[in-house]
Structure formats: structure tokens, C-alpha cells
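Novice: My structure is below; once you've seen it, I'll send some questions.
The values are calculated or read from the model by the stated rules, or taken from the named source; none is laboratory data. Quantities reported herein were computed from a predicted structural model and do not represent experimental measurements. A quick note on method: Cβ atoms are made from the backbone with ideal geometry, for glycine too, and the neighbour counts reach across all protein chains shown. Side chains are part of the model used for accessible areas, which takes the heavy atoms of the whole protein and leaves out ligands, DNA and RNA. Shrake-Rupley method; radii C 1.70, N 1.55, O 1.52, S 1.80 Å.
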Amino acid sequence: MPVLRAALRRLTIFVGTVLVASLVIFLIIQALPGDVAQVTLGVGASPDDVDALRQKWGLDRPLIIRYFEWLGGMLHGDFGASYLKGQPVVSQITPRLAVTLWIVGLSIPLSLLVAIPMGLFSAMMRRRWSGALINALSHVGLAMPVFFLGVLLTMVFAVHLGWFPANRYVPITKSVSQWASRMVLPVMTLVLVQGCFLARYVRAGFIDVLGEDYYRTARASGWTKWRGLVRHGMRNMATSLVTVVGLQISSLLVGAVLIEEVFVLPGLGSLLIDAVGSRDLVVVQGVVMLLVFAVLLINFLVDLAYLWIDPRLRRGAA
Amino acid sequence: MKSSRIGVVAALIVGMALIISGCTTPPADAKTLTVGITVEPTTLDLTTDSTAAIPQILLYNVYETLVKMDSQGRIKPLLADSYDVSPDWLTYTFHLDTKAKFASGAPVNADAVVASINTMREAPNQTLKSQMAVVADVQARDQATVAVTLKEPSNFWLYSMTDTVGIIFDPALTDLATAPMGSGPYAFESWVSGDSITLTKNESYWGTPGRFDEVVFRFIADPNAMVSAMLSGDLDIAGEMTSPDSLELFSDASKYTVIEGTTNGEIVLGFNNSRETLKDLAVRQAICHAIDRQALVDAVWAGKGQLIGSMAVPTDPYYEDLSATYPYDPAKAKELLEEAGVTNLSLDLRIPTLPYTPGAATFIASQLADVGITVKVEELDFGRWIDEVYSNGDYDMTIVAHVEARDIVNFANPDYYWRYDNPEFQKQLASAIAASPDQFVPEMKKAATILAEDAAADWLFVFPNLIVTREGINGVGENMTSLSFDVTTISSKD
């Protein structure tokens, strides 16, 4: 059973990666300059008070013990408790994760909806002025910093036109309409930037296809330019697109922090930044660990997607 | 073919608009006050954490003190309707307002006051503990009278009792970190991490009740987001404008009021006075002469912010303008350095990342370069700054705002990160604090003058209190004399 053996090997690699990652995360975070007790007590604390607080939070115990405690806790879903608030890390992460997942979850499919037609068009029309224009526009979008575009859209749609609120998050469980109206601008901002970014890959992918023998054969057998490209090119282009999308999702999970700042959304990125700032290392560790999990998971899903897109790989695996 | 891209965007907007069809944002409830502030606290336990954002939200609004500081820096009665001071200035007797009660319904009695003062005397937050260090004994004389005896006379102690250290906690309070309970006109309601803290009206408030059913403090760290939230009507008050350049966006007086007051925050260019080069008075004087502070305020903070010249702010009773002690005079600076025989001076300027620091550091580095001092600017995140600069004193110069009231006392502590050890100043400050009340102000002025003349630091400017309110909001204090963002006096016309 080569499939099973391959799966088992992947699982071993996965577990090993997670373990190594957890140790690396733990050690790096311990090595950060700045101590949570000192930052908390702030300007004016005596060394005795700092020591007392460290003791209260168990920070005076050996590293190795604290590492295994943390690791053991995570195995049954306990990421520890924040030093500062005394609340479980999980209960702090969950509402923040929801915000980030909505933003990422909405903006990635929508940016594909923008990117694929844009890339297809600019690949096909690449020798005409219209294709060049679309291509140039995608460069502009790509060069536009997310926070700048966010401020721009806020000024136009929230301040001048007053169509959408520009900041704050309302949970979908509280009010669907409020939630939706507050999602528009942040998602639109990401879609414009991400769409332009992905369009570049779509364009390059289709241009490759245009030079392939199978496309020429398809054309020769009577497929029109456009239909041939969509019917025979999409799948081939998709393999490289999926890789890029996977990478984009991973980086957006924490990279959405810029969007969170501009639109004042309480997402995962801002939790991480705040926790680093206050040296609430248990929270930092928890969030980083979660992100590592997410990235590994996305990689796994991307691998599955290859199998789905490319039948040759399925046959190879069997 | 630009139209196809616009078409896609337009389709997206229409699609989104359809999802939310028919639901424009409802008009803000007239009884809710929404205030934007920049820093979210990590905990609400102010006995442990010294973050200014905690008293900013809770002091006077949720927690009350025996005496209160008004916006002009005067002491007013609050939970104590009067107090007596013994002739030897050692014993303060507070007569509690018998009407006073906590939001929970329990009375604010002498036991609660004694317990709170004792909590503060043992607080892990060193600032609070040191402010209470002068207290020898606290006793309940009867249910409405508390006597506090000091070890030595202190003109500072009563002032400090108007601030965080004077808070009287509800004895029923068990969770300081997430569920504060006090006697103020508003009670703590909820905290949505990353978003806001909501206070509700204390329906059974013992004094003049709050004018709003709900007060929401929203956390908006990004200056642009604060501006757009105010412009789009999401805020009633932008409580801290950290982008002074954008104040002109609010120049329409029919829609907004811009408040420019002062705070307790001295923005200090701190010197590590234990460094060989900086031990030399002439070098410190030269640095002060080399910096054009007015031009710095104009360049970095849109000209908002008064020059002060020593560790005192305009709302301090002992304040006087000492900003002309070492006026901008680069030629004089060069001369001083030459006389001191200092050449090729190179200094590290290690700053925490804060809205005002990078601009100020660049400005200072360039002005000091003009007189031949090389400045290496390094930006540290606040945690690292606390560790390396503040705790370990690993720096030559740094810039940070000192926001606590009467923080001139820090210059009397040789272990403080400025490493400033001047027996003359220490003696003068101690005698000013212990002086008879009528000698307090002149003696404090002498202390502040010693610091200024000794160029113990360079005081760049006092952090301005920049607030924007929408039309119809009244009663916002002009100056921030305590750490509180006091909403108890605020009302709305509609």
C-alpha cells in the first residue's frame, strides 16, 4: 500500500515538524529581551517586586519544566493562561481567530474572482493595448500598500460617501447586517491588492499555456482561442495558482494585521502584536503555535488540491 | 478596457450592498457616549500594572477617590466631603460623605477606606507603593472618619490621593483584573478584547448621576483610523489625537470642537548621568543649547505643546517657565564643548517606538550634528526599551514622556534610569515636600530650578491634551491633570 506508507511518512514528518517548531518557538520567545513582570510593573519597579511577580507567575522555574508543561497542556487543548489577565489563552484566541478567518475566508475567494478574469484577459490580450493596460493596472494595485489603499477607501466610502462604516467589528451572531457592512471595506481592500497579486500569476500561467503543444492541438481541432484556453489551460494554470494561494492564505492569517489596524478590527495579528508588546509570552506562544499548525494544514490541503487538479498525480500515487 | 476592472469592483460593491440591503447604520443611540483612546490595557489590575490606560478608563468614572483633582489642578472633595490637617501636618482626618455608596449598594465607610489604603501600601505597582511609603498608620475613628498619620510632613501625599493611589475599592471586589467595582457614576460592564470597554450608568449613584446610559471606550491605535472614525461619525470624542497634523480636518466649528490643553506628560530627552561624558555639566549644557525646542515642537508635533524647561507642567502649582534657561544657541554650544575639551563626541540615542519619538530623535540628531556631536539613533520596541534602557541603563540618551503627576521625585532617585545623583537637589526636594504648606510652592520652584540649571535632562515640551469632540458634546476637561479621562462631567445636547 504505497498510499498508506506515503501517508504515514507524511504524518511522521508532520508530528516531527510540530514538535521541532514548538521547541523553537518556546526557546526563541524565552530569549526575547524584555520580561513580562518588568514590563507590567513598568517605570518604577524594584528588583524585589519584579522577582516576586515572576515567582507568582512561575517564571522562576527551569525552562525545561515549563516547556513540557506547555507542550503537555496543548495536547489536550490547554494553551495555558495569560500572565496578565489570568484568562485561558484559548478563550482569548477564539474570538480573534473568528475575525481573521472571516477576513481571509472572504477575501481569498473574492480575489480569485477578480484575478482569474483579469489574468486571463491580460494574457490573451497581452499584445494589445487593452491587455497591457490591465497588466499595468495590476502592477499599480500590487505596488499599493494595503494600509494606504485602506485609508483611501475609508476616505471615499466611509467619510465622503458615508456608504459603509470604516471601523470596528461586530460579530455575525450579534447582527448580520452590521457584520456585513463592516466587512465590506476591509475585504474590498484586500481583494483589490490580493486580486492584482494573483492576477500576475494567472497571467503568467495562461501565457505558458498559450505556448504549449496541447493548446496548439486544441486550437487545430477547432476550439476557439478563448474556450480552448479556459477548457484546457485552466487546470494547468491552477497548479501554480494553488501553490501561491496557499502561501497567501498563510501570510494573510497574520499579515492581515495591517488591515486590522486601519479598520480597527480585533483580529489575530493585532492580538499577537499586543501580546509581544506586553511580553505576555504565553499568548505569543499560543498564537504562533496556532499559526504554525495552520500553515502546515494549508500545505497539506494544497497537496491534496494538486491530486484533485492533476489526475496524473493520482495515478502516480496509486 | 479600464471599464472591465471598474466593472468588477462595481459588481463587488453592488453585491456587498445587496447583502446588506436596507440596513444603513442606525443612528447612534443618543444616550451612548463613544470615546476613542489609543491604548488598550492588558489587565485592569492597577495595583499590579502601571499602564496609564487603566486609570484613564476607570479613575473617577468607575473608581472614586477621597479627594479629586479638577481640570485646573485644584484639589476638590469627592468621597470625603471635608478633611482636616493637624498643626504638625502629620495627621489627615477625612470626613466621609455619609451618602456615598458603591455601585453594589454597600456604603463607602471607614473600613473600606482603610482596607483600600492598606492595599495600596502593599501594591506590587511600585509607583503606588512609593507614594504610600510616607504613611505610618491608617485608622478608622468611626464609620465616617478616617485618620491617616504620616511619618513626616508631605505636601505631595494629598495630591497623590487624588490619583490612582487614592482609589477606594468596593470590599466585595474580588477580581481586580477583569471586574473592577467602585463607587463612581459609571460601573464596569464589559470588555471586548481588541475592541472596547463598556461602562454603564450606575443607577443608584450617590452624587450627580452620569448623563449617559453607556460609555464606550474604543481602542484605536492607528492615528489615521482615529481620524476616520471621528470623521465618519463613529466617535463622539476622539480622546487622544496622536496625529496633530490632522487637527485641521476638524476646523469646521459647526461640527467639531478641538480642545488643546496640557497634560502631566513631560517629554524628556533623558541623559544617562553616570556616563563619563555626560557627567560633565558643560556637555549637558551644550546639548541643551544645541536644540531648538520650539522648532522641534513645530516640526514633530505641529507646534502643539508648550515648552517647560524643567520637570514641572503648567498645571502644577509650583510651575514656572524655565524653558529659557539654556536657549537655542549653537555657537554657545560649540564654545562650551571646546572649553570642556570634548571633541568627536558620539552618543547613542536609544528610543522606544512611540508616536513622537522617531521624529524628535531625527531632529535632535541633526541639530547635535551641527555642533559636532555624532548621534546614533536606535529604535527599540517598548518591552526591549524597558529592559535595556530603563532597567539596565544601557544608553546615553533617550526620549520618553513621563506622564505621572509630580514625577519630579524621580530625579531624587540615583538608581532611576537617568542615574542622576545630585545631593543638593535631593535635599531641596525633600525639604520642599516636608515644608510648611505656605513654603511648599517657593521651595518646589527652587528644586525645579536646580534641575533646570544643572541640565539634568533636556525637557523638550509638555505633551498636549489634544481632543476632538463632535458638536453637542460639552464638559470635556481642557487639561489632563490626572491619569483619568474624566467622563463624569461630560454631557450631550441631544
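Novice: With a 1.4 Å probe and all protein chains left in place, how much of the accessible area of the protein assembly as shown comes from carbon and sulfur atoms, in whole percent?
Specialist: Carbon and sulfur together cover 59 percent of it.
Novice: Dipole size in debye (nearest 20) for segment B:264-463 around its Cα centre, Lys and Arg Cβ +1, Asp and Glu Cβ -1?
Specialist: Dipole magnitude for segment B:264-463 comes out near 120 debye.
Novice: Under unit Cβ charges (Lys, Arg +1; Asp, Glu -1), what dipole magnitude, rounded to 20 debye, does chain B have relative to its Cα centre?
Specialist: So the magnitude is around 700 debye.
Novice: Over segment A:83-219, what per residue volume does the convex hull of the Cα atoms give, in whole Å³?
Specialist: Taking the convex hull of the Cα positions in segment A:83-219, it is 176 Å³ per residue.
Novice: When the dipole is taken about the Cα centre of segment A:99-219, and only Lys, Arg (+1) and Asp, Glu (-1) are charged at their Cβ, what size is it in debye, to the nearest 20?
Specialist: Approximately 140 debye in magnitude.
Novice: Now for a different question. Set the bar at 22 Å for Cα to Cα. Now go through B:Lys76/B:Lys151; B:Lys279/B:Lys332; B:Lys334/B:Lys376 and name every pair that lies beyond it.
Specialist: Result: B:Lys76/B:Lys151 exceed 22 Å.
Novice: Same structure again: Return the sequence-ordered ³J(HN,Hα) values of segment B:237-248 in whole Hz as given by the Karplus equation 6.51 cos²θ - 1.76 cosθ + 1.60 applied to θ = phi - 60°, using x for Gly and Pro.
Specialist: 9, 8, x, 9, 9, 9, 10, x, 4, 7, 4, 5
Novice: Mind running the shape call on segment A:89-316? Use the C-alpha gyration tensor, a ≥ b ≥ c as the square roots of the eigenvalues: rounded below 1.5 for a/c, prolate if a/b tops b/c, oblate otherwise.
Specialist: Verdict is oblate for segment A:89-316.
Novice: Another question, then. May I have the extent of the alpha carbons of segment B:387-473 along their three principal axes, as whole Å values ordered from largest to smallest?
Specialist: Taking max minus min along each principal axis of the Cα atoms, segment B:387-473 gives 52, 41, 21 Å.
Novice: What aspartates and glutamates does B:Lys446 reach when the alpha-carbon gap must be under 20 Å and sequence neighbours fewer than 8 apart in one chain are set aside?
Specialist: Correct list for B:Lys446: B:Glu266, B:Asp316, B:Glu320, B:Asp321, B:Asp407, B:Asp421, B:Glu424, B:Asp438, B:Asp454, B:Asp458.
Novice: Helix by helix, which DSSP H runs in chain B go 24 Å or more along their axis at the Cα atoms and have an average Kyte-Doolittle hydropathy of 1.0 or more?
Specialist: B:2-19
Novice: If you don't mind, there's one more thing I want to ask. Looking at B:Ala452, B:Trp385, B:Thr47, which one has the Cα that reaches farthest to the positive end of the dipole of chain B (charges on Cβ: Lys, Arg +1; Asp, Glu -1)?
Specialist: Going by the charge dipole, the pick is B:Thr47.
Novice: In the protein assembly as shown, with Lys and Arg counted as +1 and Asp and Glu as -1 at Cβ, which of these residues, A:Gly233, A:Leu192, B:Gly261, has the Cα nearest the positive end of the dipole, that is, farthest along it?
Specialist: Working it through, the farthest residue towards the positive pole turns out to be A:Gly233.
Novice: Right, something else. Report, ordered by chain and residue number, the aspartates and glutamates lying within cross-link reach of A:Lys56, taken as a straight Cα distance under 17 Å and ignoring same-chain residues fewer than 8 apart.
Specialist: A:Asp35, A:Asp48, A:Glu69, A:Asp280, B:Asp45, B:Asp49, B:Glu122, B:Asp175
Novice: Take each uninterrupted DSSP H stretch in chain A, measure its Cα extent along the helix axis, and return the ones at 27 Å or beyond whose mean Kyte-Doolittle hydropathy is at least 1.6.
Specialist: A:2-31, A:89-124, A:281-309
Novice: Two decimals is fine: what's Rg over Rh for segment B:342-494, C-alpha atoms, Kirkwood radius as Rh?
Specialist: Dividing the radius of gyration by the Kirkwood radius yields 1.05.
Novice: Given the alpha-carbon gyration tensor of chain B, what are the semi-axes of its equivalent ellipsoid in whole angstrom, ordered largest first, with each equal to the square root of 5 times an eigenvalue?
Specialist: 38, 35, 18
Novice: Still on this structure: May I ask which residue of B:Leu249, B:Tyr159, A:Val284 lies farthest towards the positive end of the charge dipole of the protein assembly as shown, with charges of +1 (Lys, Arg) and -1 (Asp, Glu) on Cβ and the Cα centre as origin?
Specialist: A:Val284
Novice: If I take all pairs of Cα atoms in the protein assembly as shown, what percentage of them are more than 33 Å from each other?
Specialist: 61 percent
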